[in-house]
1. Quote the FRET efficiency, to the nearest 0.05, computed for E204 versus S51 with a Förster distance R0 of 45 Å and r equal to the Cβ-Cβ distance.
2. To make sure I understand, if each residue's beta carbon is the centre and we count other beta carbons within 10 Å, what order do E133, E40, E171 fall in, fewest to most?
Amino acid sequence: MGGQNHCTTTGFVKVDFIYSEPSHYSKKEDTTFSDGSIYETRQVIGYQGISNHTNKKDLLMVSAGYDTNLTAKVAQQYENSEVVPILGFPSLRADMFQENVLRTVAAEESFSSEALKSPLFTPASDPFEVASEISNYIRKNNCLDNFEHIYLCPLSTKPQVLGIGLVYLNEFEKTNVSILYPFTERYSKETSKGISKIWKYTIEF
């Protein structure tokens, strides 16, 4: 995903994000996106929330993609948190939803059975709807008050990652919400084949 911006003397007015949707992933559900050991799982700089310092549990919302290793690592590290998997549906392509579910189930030991029964579904190609669905979930369930901290972990499609960034900046900056990410040593160079669609997402400030 690339970005293009238009700016004035007061800062950015509009940013266009271009995303090339793949025809399919190179090895279907066995596609590897990260390689090597995970050396650090931490809050992303600039997307760090505040802590309420209570005795309440944390909430971990993971947009689970194909990378079982990263998903499992984060879920294990925050095993005492309540976990909500976020799955891409509608998916980029019909077969990708089944592949995504297979990879998430492969990490099932890291999730409670209740978490896998009640995932949050957000479109894999629409960052604006992703942001809306996450916001609705947090507001509807009064998560800001019911949990000490809310961690949003983007491990799925780039539009979903963009949606998580948007909902944080638009609604949850300076609250007890943070974006969390497991950093690994290396990332695979070729994970997809062909281009199905090209999307342009325009963000206006």
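Taken together, the values in this text are just the output of simple stated rules run on the coordinates, not laboratory data. Just so you know, these numbers come straight off a predicted model, no measurement behind them. FYI the Cβ positions are ideal-geometry reconstructions off the backbone, even for glycines, and counts take in every protein chain you see.
1. 0.90
2. On the way: E133 18, E40 8, E171 14.
Sorted ascending by nearby Cβ count, the order is E40, E171, E133.
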